[in-house]
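Readers should treat all values here as calculations from the given coordinates under stated rules, not as data from a laboratory. All values derive from a computational prediction rather than experimental measurement. For neighbour counting, all protein chains shown are included, and Cβ atoms are generated from backbone atoms with ideal geometry for every residue, glycine included.
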Amino acid sequence: MTATTVETPRKKKLSPRKRAQRVRIVQYGALGVLLLLAVLFIDGRQVQQVFFRPDMIAKTLSSNLPLAFFNTVAYTAGAFVVGLVGGTVLALMKLSRVGPYRWLATIYTEFFRGVPALIVLLAFGLLPLALPGLKIPLDPYGTVWTALGLVSAAYMSETIRAGIQAVPKGQIEAARSLGMPAGMATRRIVLPQAFRIVLPPLTNELVLLTKDSSLVYVLGLTVTGYDLTKYGKDLTNTHANITPLVIAGLSYLVITLPLTFLVRKMEARQARSK
Amino acid sequence: MSVVPEQKIPTGNREDEIQVYDLHKSFGDLEVLTGIDLIVKRGEVVCVIGPSGSGKSTLLRCINLLEQPTKGRIFILNEEITDPDADVDNLRTLMGMVFQSFNLFPHLTALENCTVALTQVKKMSAAQAREVGMENLHKVGLGDRGDSYPLQMSGGQQQRVAIARALSMDPELMLFDEPTSALDPELVGDVLSVMRDLAADGMTMMVVTHEMAFAREVADRVILMDGGVIVEQGPPAEVIGNPKEERTRTFLRRVLDPTHLDTPDDQKSVTSDRSGPPEAPIEGRPHRSRLFGL
């Protein structure tokens, strides 16, 4: 190794540090050029007229935005609860010793993960037509909760199953050695730990569900049932301006940004406790 | 090698707390236990020693049916736990189990670890369970750590909480599965001293361990297992001090560090038995600081 030479290279090579510096300069330069192009070629006023028209912003905010916001939250929360319960049941079925339970759960999961949520929602909207006696309670909430809940249960079941399996086997053994029956050990010892493990991915699922709740527009809702997207879309159609829809879209961030922030926090905490 | 082949099974004697008859256990093609007969009497402290893979832990885990025996019968207080109709959960409440890896419930505080089975299994009131839990935490010297979570404690403290958790069920006997093997050497002593106190209180104990000094001091009987059978058993002075079986001697030679074999009389035979340079402790075995660090 001592013989590693300081021979003068024929073509002068940059030191790694110098090279990194140059690369950085080029990167910042490209960014600057993009910004410059944007300023030169984008007409700010025109953009504002299309996406952020002040009078339309005022109109959107002052009509019934809070109700729409509430509906989005309500649709999402209800579907999440249904999904969580269903997902837990499915996860336990997948880990069951009884073969048919495992098969059923797998078939269910593969079906609802493979079919567009939009179509599931549409089908559920027409369910009372197919089964004349059927009346889904709390309409439209009941329909949305069931339909979106059934879909998200399929996704959540996989997450929860992984969480349950991530709880060390010794935990069950310790619980059983204290005389706990299998069911009690699962409820009291395994599931609480499993949910702690899957809290971040489940919160991510909640974010996805918040956005998927926008699919309810296919259901032919009455005005009081409008969610954010339908509400914005309605105003946009009436006034031939997309500003209300943009506002509706931004309103989702009020829900999703804190959630994703929360996920990041929880993930950091989990990483620390390991 | 039945103990007394023509004896009554079970003996029916309340003093015979653990009775194991012709116990076999295989994992697939691997035979781990090949015919174990054993009776542990009330108040007896039995230490099970032997090389890794000899089936010590499996024997212990079969006794409270964490492993299902392939063949054989096991009686706890003359009730057959291997009977398909046995109330296994109830029988398990009579046996405290302490694991090598503690297996405390990380989402519960130390006190809740002790009380969860009391309120859930024994249907004790929360206040009463709390009292029992605190009493046992005090017993293991952790009366002030009831509100701590397991991950906030050292390994030695966690293992003591695990002992308190098992004791809270007021068991008739205690099973220890290498309780100090996962601990840093300086934390072993605390756990062993709790176990020594338990033994002094007359608790029936079955301890799988590598702590030869503990076995020698506390055990009423030492069992050496190898290859899925009991090779030799008897008072520690005989089994550890003056082993008859070659396999026992080989095992002890590997475990005991020669530099510490100078004092006790009952070890002379081990010392004199050796020829040539001492074998290094085999990998994974505790070093002498662990073995004699009492």
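Summary of computed values
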| read-out | value |
| --- | --- |
| Condition check for residue B:115: within 12 Å of chain A (Cβ to nearest Cβ), over 28 Å from residue B:154 (Cβ atoms) and either in contact (Cβ under 8 Å) with a residue 60 or more places away in the chain or not acidic (Asp, Glu) (or both) | no |
| Residues (within 19 Å of residue A:254 (Cα to Cα) and not in a helix (DSSP H, G or I)) located in the stretch A:200-241 | A:226, A:227 |
| Qualifying residue in the stretch A:144-165 (condition: small (Gly, Ala, Ser) and within 19 Å of residue B:115 (Cβ to Cβ)) | no |
| Within the stretch B:1-73, strands (runs of 3 or more DSSP E) holding 1 or more residues that are under 15 Å from the mean Cα position of the chain (by Cα) and farther than 22 Å from residue B:238 by Cα | B:16-27 |
| Among the residues listed as A:37, A:14, the single one being without any contact (Cβ under 8 Å) to a residue 40 or more places away in the chain, hydrophobic (A, V, I, L, M, F, W, C), farther than 30 Å from residue A:234 by Cβ and part of a loop (DSSP other than H, G, I, E, B) | A:14 |
| Residue within the stretch A:210-221 that is under 21 Å from the mean Cα position of the chain (by Cα), surrounded by fewer than 14 Cβ atoms within 10 Å (Cβ to Cβ) and without any contact (Cβ under 8 Å) to a residue 24 or more places away in the chain present | no |
| Selection within the stretch A:127-172 - outside any helix (DSSP H, G or I) and of a type in the set (Gly, Ala, Ser) | A:133 |
| In the stretch B:118-131, residue surrounded by the fewest Cβ atoms within 10 Å (Cβ to Cβ) [restricted to those that are assigned to a helix (DSSP H, G or I) and within 13 Å of another protein chain (Cβ to nearest Cβ)] | B:119 |
| Of the criteria (1) more than 14 Å from every other protein chain (Cβ to nearest Cβ); (2) under 21 Å from the mean Cα position of the chain (by Cα), which one residue A:196 fails | (1) |
| Top-ranked residue in the stretch B:80-110 [being aliphatic (A, V, I, L, M) and in a loop (DSSP other than H, G, I, E, B); ranked as surrounded by the most Cβ atoms within 10 Å (Cβ to Cβ)] | B:104 |
